[in-house]
Amino acid sequence: MSALQTTLGPLDRDDLGMILPHEHVFVDLRTYDQPGYAEADPEDVVRLMTAPIAAARAVGVTAIVEPSTVGVGRRPDILLAVSRATGMPLVVPTGVYREPWVPPWARDASVDALAEWMTTEIEAGIEGVVDVRAGWVKVSVGDEGMTPIEEKILRAAAMAAARTGAAVGSHTVRGRVVRDQLAILAEEGCPPDRFVWIHAQQEPDRATHHELGRRGVWVEYDGIGDPAEDDRYVALVRDALDAGIGGRLLLSQDLGWYDPAQPGGGTPRPYTHLPTVFLGRLQDAGVDDDTIGGLVHDNPFDAFAR
Ligand SMILES: [Zn+2]
C-alpha cells in the first residue's frame, strides 16, 4: 500500500486530512557561495514557525509538502526539529534546484551518481539524518528551457523516480518546457503521472494546463494566498474541472517561511488563506464538497505517496 513519506514516518491515506502540496518552512534563496547560506539554529526556526504551523493544524492541515530542495537551503535537520516540535508531518525533497543555485558538487557529478544519491535519500535517508527519508524529488529549470546541467539533474531525478516510485516535481513556468521535460522522463521510464508541474499558473495558456493534465501530469496552482487573486484562481480551478482534469489538480500557496537572509528569519506569511477562505470561495462558485475533498486530500496524497 502506498504511503506519504514524512518527517514523522510513513502515513496512509486514512491517517491524513488536508495536505498542502507546496509550502515552505525554511528557504534560503541566496546561492551556496554567500556567507551565512542556509545557516540557522534549529531552535530559532522552531520558535518562529510554531505559531503559523499550529494555525494551519487548527484549520485542518495534516501534512505539508516542503519544496526547498538542495541549492535553496535544504535543511532536513531543521525540518525534523520543526515537525517534532509541532507534530506537523513534512514531506522533504531530494533533488537540486536550477542554475545558478546548483552547488559545484552537483554540477560536476555524473548523471548516474546523482541518480544514486537521490535513490539513497529516498530509500535509506538524507545526509545522515537517519530519521528522515526524502519523500519526493524537487528540481527546477530555467524559464525558457533546460541548460545541460539542469537536463542532467532532471534525467537523474527521472531515473531515481523510475526506481523508487517517488514523484518528480519541477518549478517550470512554461508549458512547452514541461513537454521537453516529459520527453526526458519517458526516456528514463518515468511516466507523466509521476510528474508535478509546480507553478503551472504562470503559464498563461490554460489549454496547455488541460492538455498536460490529460496526459497524466499533476498540474499545481500554488500561488493562492492573496485575496485579490482569489477570483483568478477560482476561475482557473473551475476551468480545470470543466476540462476534466480535476483528478490531476493540486492547490497550494507557496508561503511561509524562516529566511536566514533576514534578521531573526523575517516574518513568515500564514498558511491559512486556502483552508479558511479560498475553499469557501470554491463552494460559492458551485464546487461540491466531494470535489473539494479530492483537491485537498486525495490528489496531493496520490501525487506524492509511493
Ligand atoms: Zn515554492
Inset, instruction - With the full set of protein chains in place, find how many percent of the accessible area of region 1-117 is carbon and sulfur; take the probe as 1.4 Å. - result: 53 percent
Inset, instruction - Give the ranking of Tyr233, Tyr32 by solvent-accessible surface, highest area first, calculated with a 1.4 Å probe. - result: Tyr32, Tyr233
Inset, instruction - Sort largest first and round to whole Å: the equivalent ellipsoid semi-axes of region 117-245, each the square root of five times a Cα gyration tensor eigenvalue. - result: 27, 17, 13
Legend entry - Cα extents of region 230-269 along the three principal axes, largest first (Å): 46, 20, 10
Inset, instruction - List the chymotrypsin sites (Phe, Trp or Tyr not before Pro) within region 124-228 that fall in a DSSP loop (any state other than H, G, I, E or B) and whose Cβ has at most 12 other Cβ atoms within 10 Å. - result: none
Inset, instruction - Express the C-alpha Rg of region 192-285 as a ratio against the empirical globular expectation 2.2 N^0.38 Å, rounded to two decimals. - result: 1.19
Inset, instruction - On a C-alpha basis, how far is the centre of region 7-35 from the centre of region 210-250 in Å? Whole number, if you could? - result: 21 Å
Legend entry - HN-Hα J in Hz across region 25-39 - Karplus 6.51, -1.76, 1.60, θ = phi - 60°, x for Gly and Pro: 9, 8, 9, 10, 8, 6, 7, 4, 8, 7, x, x, 3, 6, 8
Legend entry - Whole-number Å³ per residue for the convex hull built on Cα positions in region 233-301: 101 Å³
Inset, instruction - Mind grabbing the accessible area of Thr164 for me, 1.4 Å probe, Å², rounded to tens? - result: 20 Å²
Inset, instruction - For region 123-169, build the convex hull from the C-alpha positions and give me its volume per residue in Å³. - result: 80 Å³
Inset, instruction - Report the chymotrypsin sites (Phe, Trp or Tyr not before Pro) located in region 267-306 that are in a DSSP loop and have at most 11 other Cβ atoms inside 10 Å of their Cβ, or state none. - result: none
Legend entry - For Thr147, residues with placed amide H under 5 Å, excluding near neighbours: Gly142
Legend entry - Rg and Dmax [Cα atoms of region 33-78; Å; Rg one decimal, Dmax integer]: 12.7, 39
Legend entry - Estimated vicinal HN-Hα couplings, Hz - region 300-306 in sequence order (Karplus 6.51, -1.76, 1.60; Gly, Pro = x): x, 5, 5, 5, 10, 6, 8
Legend entry - Solvent-accessible heavy-atom area per residue, rounded to whole Å², over the chain at 1.4 Å: 37 Å²
Legend entry - Value of relative contact order over the chain, rounded to a whole percent, pairs C-alpha under 8 Å and six or more apart: 22 percent
Inset, instruction - State log₁₀ I(q)/I(0) for the chain at q = 0.07, 0.12, 0.14 Å⁻¹ as given by the Debye formula over alpha-carbon point scatterers of equal weight, solvent excluded. - result: -0.23, -0.73, -1.02
Legend entry - Per-q log10 I(q)/I(0), region 4-47, q = 0.17, 0.28 Å⁻¹ (Debye; single scatterer per alpha-carbon; no solvent): -0.73, -1.06
Legend entry - Karplus 3J(HN,Hα) series, Hz, for region 117-127 with 6.51 cos²θ - 1.76 cosθ + 1.60 (x for Gly, Pro): 4, 5, 4, 4, 5, 6, 8, 10, x, 9, 6
Inset, instruction - Could you tell me whether region 1-122 comes out rounded, prolate or oblate from its Cα gyration tensor? Rule is a ≥ b ≥ c as square roots of the eigenvalues, rounded for a/c under 1.5, then prolate if a/b exceeds b/c, otherwise oblate. - result: oblate
Inset, instruction - Take the solvent-accessible surface of the protein heavy atoms, probe 1.4 Å, and return the percent of it on region 247-306 that carbon and sulfur atoms account for. - result: 45 percent
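The values are calculated or read from the model by the stated rules, or taken from the named source; none is laboratory data. Predicted model, so just to flag it, every value in this text is computed and none were measured. Ideal geometry is used to build each Cβ from the backbone, glycine not excepted, and the neighbour counts take in all protein chains shown. Heads up: the accessible areas ignore ligands, DNA and RNA and are worked out on the full protein's heavy atoms, side chains in. Shrake-Rupley method; radii C 1.70, N 1.55, O 1.52, S 1.80 Å.
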